[in-house]
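Single-structure report; data block below.
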Amino acid sequence: MSTQTSTTISKEVDVETPFLTGARKSGSSVPFWASYIQSRPNPTEDFFQLINEYHKSHGNNRADIAHDVGTGPGNIAARLAVYFNHVVGSDVNEEVLDAAPSIVPAELLNRMTFIQSSAEALSQKTPTHLGGEGTTDLVVVSECIPLLDHQAALKEFNRVLRPGGTLAIYFYGPAVFTDGHVDRCNTAYDKVATRICTFNQPMKDTPGFPIHLRAAEALVSELDNIPLLEEDWESIQRYKWNCDYSLLFNSKAGFDFNFSPVDRRGKADETKTAIDRNFWSEDWGIDNVKAYLDSVYPNYRVKAGDRYSEIEVLLEELNVAMGKQKRKVTFPVVLILATKRPALNGHATPKAKKVQLSLSQHHGGSYGCVNDPAPESIEMANNLLQKNHDDYHIFWRDLNGHNHMAHSILTHFAIGANPAELQRANDDGIGVQRARPDVDSDVVKGLSDDSKLMEIMGDVTQYSNAIEFFEQQIDLYGWRAVLHKHCFTRTSVADTILSRMYEGAHHPFIHLGLAVEFELPSIMAEALAQAVCHPFSGIPGCLLQTDAEAGDLDPNAPHKPLLDLYKEARANKAILNGPLWEDGPFKMRDGTLGRSKADIICLAAQYRVKPSELRLRAAEVINCSAYIAGAAQRAGKTPKIDFFHMHNVTSSVFLTVLVNDPWISLENKVRLVEWKGRTDLFWYAACGCPQYNIAEIFNYTPGPSAGKGWTELYHDICQMKDDGHVAKFVRAAKSAGEVCRMFEKQDPAAFPMTEEAWIQLARMTYDSTLGVADPEKWVFGAGFPEAWENVPARSQSAAVKPKMFPCPTKEYRKSQYDAIDPSLSALSAAGKNIVITGGGSGIGAATALGFAQAGAASISIIGRRGNMLESTRSNIESLVPGAHIHTYVSDVADKDQIGAAFKAIHDRVGEIHVLINNAGYKPTVPPTSSAIKDLDVEEWWRCFEVNIKGSFLATQAFLKYKSDEAVVLYVTTALSHFTGFPNNSAYSSSKAGAVRVFSTLQAEHPELRVICLHPGVVNVGGKVSGAKQAGLADDELVSLSVGSMVWLASPEADFLKGKYIWANWDVTELKARAKEIAESDLFTMKLGGWPFDSKAT
């Protein structure tokens, strides 16, 4: 087996596979690699003759250059030198390449060259004179294909091969004993190998898991899971020797995950099988077996540690089975041979003028898609894209008039639009487009000179000439080579064009991402031409300046979270006041990158990415862009997404596309992520540094989108009138959630968007744009009050006023009002330590913010999900500078956990002044099927575990550390005192039981103030309340609950000791009746009519 693996894995994370770790540690040790060769099976010469005969009889049988992929120490490359004039050996392990010249016969060295490259970047790393640019005759892939990204690697093999060239892929598996006690020997051998394999566990849920899974699937499938596409390859032959034994080096019992064979062979593939026990046969003793196992699992002894004695026992069992003598062994072997299909019309790549979209080119299944694109939509998409490419300018007007027809068509295609829906997407944007001007062939010829290309930068009128130039370049060299030269070579031209991809609210960047995702040369030409001709806003030069300033910073300084930079931007007066509303469309150019240029560049330069954290930081950028887009709302206004923040999100999916692409170097991927984060920060500043609050997303009350998931939203978006912005945004949001999920717990403070937030954001976007004309779909500059002038007030957005519950006060409150404003001095929580259970989201998180605004000395929030707690902490501290938020992960129903949490709180902050028992649980079964006869008893009982036992345990722990005259609030529900409300037996009963617990607490501790609060009909996390469904009430704003609790914790509410009240009741009116309420049984739970009238008995 070679050391070949994907660049992404080998460079970014320390991944362990059965071979990679040991190979790295062995470095350039010649003795190790010589031993490695000696321990491995030695392919017979007739095996290489078979490959050579196939090569000579197919295509053009030239024998100039062969390329050995995953060459290791070069032993297979040396075998190929018998048949070819020059042999190139490539490997990702640079140190093994240093050892190769000492192992290869000296007389062959002048005909051999070794280069460092991954298989997935082969065309970029192979020089033209050594077989690059489609001039290689034979590519051999020896014993490494299971470790590779098959699709990417096969594309690269195809690119370096000339038309008619040969691809040979082979792999051999475990040793198979063929004489003596065959079954006994093979069983004993597998026991050893399988036990060794278990030392590599855990494999699942580790960074290396994708490689483990990919390799296991390939081997169990006998490489049949690796498809050779008909458009790329012909004359495909698959040879299998002795495959009645598995290619897996050990049984499935050695793995901690499941996998199964997959057959992706094409109809024209020819498969030839043979059982030949003399094929590659050798005579092996137990020492040969040990050496082979050491070469297959070179790090296993270290992994085994003290358990290595088990292997010695198993090896002795095998030795006994072998009769303690040499035995004949062979190996299961698979060889795949294929010929690169000659290109049509003599072109190795599609004509850049021709749009050739196909499902095989689409890799969007991992980019926010629910279902695969509809095959019947391909022809329609191709036709629409072709017309746009041929007829229309990339700018429908000179200033801020981007033609994003391709964005809309390809995004709708990706989310499953049918042909009619694609036509609708096209028609919604075509009306404003303008024709492309004529091409000036003399100008086009001159653009090969970099200085001439630089001269047309920013000139919209040169678009036709620019796209013609790039089309010609792509036809000559292929789109990847052209992109690499003009964006990733760090030349002056490449730096200029790459930085210009971030112009115009990321429009060229989006175009670039679509071209890469769908592998469309025509769209790539459009993207490059758009970047070249885009009007100037100052972004490119400032990005290059941030690189220069970042280079002067301490490279070992800890990472500065992007959210911290957003906070600093708002706190920086120069940045905050840089853009003016009067700047109109030039807020970026004249404001952020004009008046506040020095400050914003200095700040943005602090966002740096360590190569080892590339994917983590890419996800951080993506998460923050979505967070700001959804959370930057205006108090009292119907939620809207800012137009520029929307583009930060829309473009984020293509950051994922580019980071995932193996042919872009790690260095350039780091730059892409840094520049994306910095540009998003520029746009935040240009939009007036709006305030943001995560509660706007988590507590958003959906309108038309209520109850809809991704599939339903995609379906509806495909039918709505839209120029593509909504489709792009929602797809990007779904992709973002998928990308960020694995990092939320790793760095919670950097990932405020979690779980339900993504679908909530998508619903908000859909609701706020449905049926709205394009200019009014968005706000432009969310930090400026003028941007919100024509946006309806939130209260005006409710179309129907539902019935209200009975109320003891004249006013029935539905949102926060002056008397319960947490910022009132009368409600100050200064000097008080607050504890909130269930504080990571919903009402609990919002209440923590309210007490921070009231000036609490500390706020300790308890919950089961650390990432949610950290997100809440980070959000509050950003909104209330100086707030002290502490997080504690604990299950309230676990006595030991909750006891430890309260002790830790007391040890940290001292006595506790206010306890808010907010943690609660409601069965997840829909109300329509939650009748007593249908409910699962475990689900039903869980309500009592959390709502009664959890509240009891939290209160019991609190009593050890309470202050004198402390306040205890219990967040309950009106269902606890309703009579006969169906389908809520668990929730209402457990909440009612807890109310009795707290009335008892008040009786036992008269020094406390214990109050039960119905918080109102609050929508949390996008769930539609049962009361709203029943038409009994509308959803109230969570601010009502928050203000009520801050007021209840203040001295003003002392008259409510032992009472049960609703947040909807006006507190001013309640205070007017304070004596009456305090001295009566008003607002307590009791049996109606008791004590009975004596005459009635």
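Condition test on T194, is it among the hydroxyl-bearing types (S, T, Y), in contact (Cβ under 8 Å) with a residue 24 or more places away in the chain and surrounded by fewer than 24 Cβ atoms within 10 Å (Cβ to Cβ)? Quick ask: steps written out before the conclusion?
Details: among the hydroxyl-bearing types (S, T, Y): yes; in contact (Cβ under 8 Å) with a residue 24 or more places away in the chain: yes; surrounded by fewer than 24 Cβ atoms within 10 Å (Cβ to Cβ): yes.
For T194, the condition - among the hydroxyl-bearing types (S, T, Y), in contact (Cβ under 8 Å) with a residue 24 or more places away in the chain and surrounded by fewer than 24 Cβ atoms within 10 Å (Cβ to Cβ) - is met.
Counting just the residues of the range 178-191 that are hydrophobic (A, V, I, L, M, F, W, C) and under 19 Å from S281 (Cα atoms), which one comes out surrounded by the fewest Cβ atoms within 10 Å (Cβ to Cβ)?
Filtering first and then ranking leaves V182.
Conditions: (1) more than 26 Å from S999 (Cβ to Cβ); (2) in contact (Cβ under 8 Å) with a residue 24 or more places away in the chain. G882 meets all but one. Number of the miss?
Against the list (1) more than 26 Å from S999 (Cβ to Cβ); (2) in contact (Cβ under 8 Å) with a residue 24 or more places away in the chain, G882 comes up short only on (2).
For residues in the range 387-438 being polar (S, T, N, Q), outside any helix (DSSP H, G or I) and free of Cβ contacts under 8 Å to residues at least 60 places away in the same chain, which is farthest from S652 (Cα to Cα)?
It comes out as Q433.
Filter the range 124-139 for residues that are under 26 Å from A215 (Cα atoms) and crowded, with 24+ Cβ neighbours inside 10 Å; which is farthest from the chain's Cα centre (by Cα)?
For the range 124-139, the residue satisfying everything is L138.
Would you point out the residue of the range 266-301, among those that are under 44 Å from the mean Cα position of the chain (by Cα) and assigned to a loop (DSSP other than H, G, I, E, B), that is nearest to L50 (Cα to Cα)?
Going residue by residue through the range 266-301, those that are under 44 Å from the mean Cα position of the chain (by Cα) are 266-273, 289-301.
If we keep only those that are assigned to a loop (DSSP other than H, G, I, E, B) as well, we get 266-269, 297-299.
Working: G266: 22, K267: 23, A268: 20, D269: 18, Y297: 30, P298: 31, N299: 35 Å.
Ranking the qualifying residues of the range 266-301, first place goes to D269.
In the range 903-939, which residues are closer than 21 Å to T972 by Cα, at pLDDT 85 or above and not in a loop (DSSP other than H, G, I, E, B)?
Within the range 903-939, H913, V914, L915, I916, N917 meet the criteria.
Being more than 16 Å from the chain's Cα centre (by Cα), within 25 Å of R480 (Cβ to Cβ) and modelled with pLDDT of 95 or more is the requirement here; does E674 meet it?
When the stated conditions are applied, E674 passes them.
Quick check: anything in the range 650-661 surrounded by 21 or more Cβ atoms within 10 Å (Cβ to Cβ) and assigned to a loop (DSSP other than H, G, I, E, B)?
The answer is yes; a qualifying residue exists.
This table checks each residue for (1) without any contact (Cβ under 8 Å) to a residue 60 or more places away in the chain; (2) in a loop (DSSP other than H, G, I, E, B); (3) under 29 Å from the mean Cα position of the chain (by Cα); (4) assigned by TED's automatic domain parsing to the domain that holds I628.
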site	(1), (2), (3), (4)
L544	yes, no, yes, yes
D547	no, no, yes, yes
P555	yes, yes, yes, yes
H559	yes, yes, yes, yes
L563	no, no, yes, yes
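Among the residues of the range 511-532, count how many are touching a Phe, Trp or Tyr at 6+ places or on another chain (Cβ under 6 Å), aliphatic (A, V, I, L, M) and within 17 Å of T411 (Cα to Cα).
Adding up the residues that qualify gives 1.
Looking only at the range 436-488, how many residues end up being surrounded by fewer than 14 Cβ atoms within 10 Å (Cβ to Cβ), among the polar types (S, T, N, Q) and within 30 Å of K125 (Cβ to Cβ)?
2
Where in the range 26-143 are there helices (runs of 4 or more DSSP H), lying fully within it, with 2 or more residues that are modelled with pLDDT of 95 or more, under 24 Å from V333 (Cβ atoms) and not assigned by TED's automatic domain parsing to the domain that holds G165?
On the way: elements: 30-39, 45-57, 75-80, 94-103, 122-125.
Counting at least 2 such residues, we get no helices (runs of 4 or more DSSP H) at all.
Let me spell it out: the conditions are (1) crowded, with 23+ Cβ neighbours inside 10 Å; (2) under 20 Å from G866 (Cα atoms); (3) modelled with pLDDT under 90, and M742 meets all of them except one. Which number is the exception?
(1)
(1) surrounded by fewer than 16 Cβ atoms within 10 Å (Cβ to Cβ); (2) outside any loop (DSSP other than H, G, I, E, B); (3) in contact with a strand residue (DSSP E or B) (Cβ under 9 Å, 6 or more places away or on another chain): which one isn't true of I236, the others all being true?
Answer for I236: the failing condition is (1).
For the range 239-260, give me the residue count where each residue is closer than 25 Å to L167 by Cβ and either in a strand (DSSP E or B) or free of Cβ contacts under 8 Å to residues at least 40 places away in the same chain (or both).
Total satisfying the criteria: 3.
Going through P752, P822 one at a time, which residue ends up being under 35 Å from the mean Cα position of the chain (by Cα), within 30 Å of A1049 (Cβ to Cβ) and buried (at least 24 other Cβ atoms within 10 Å of the Cβ)? Steps first, please.
Details: P822 fails: under 35 Å from the mean Cα position of the chain (by Cα).
Of the residues listed, the single one that is under 35 Å from the mean Cα position of the chain (by Cα), within 30 Å of A1049 (Cβ to Cβ) and buried (at least 24 other Cβ atoms within 10 Å of the Cβ) is P752.
Every residue in the range 970-986 that is out of contact with any helix residue (DSSP H, G or I) (no Cβ under 6 Å at 6 or more places or on another chain) and either closer than 20 Å to A1049 by Cα or modelled with pLDDT of 85 or more (or both), please.
Once the filter is applied, which keeps residues that are out of contact with any helix residue (DSSP H, G or I) (no Cβ under 6 Å at 6 or more places or on another chain) and either closer than 20 Å to A1049 by Cα or modelled with pLDDT of 85 or more (or both), the range 970-986 yields only V971.
The values are calculated or read from the model by the stated rules, or taken from the named source; none is laboratory data. These numbers were taken from a predicted model, which means no experiment stands behind them. Every residue, glycine among them, receives a Cβ derived from its backbone with ideal geometry; neighbour counts consider all protein chains shown.
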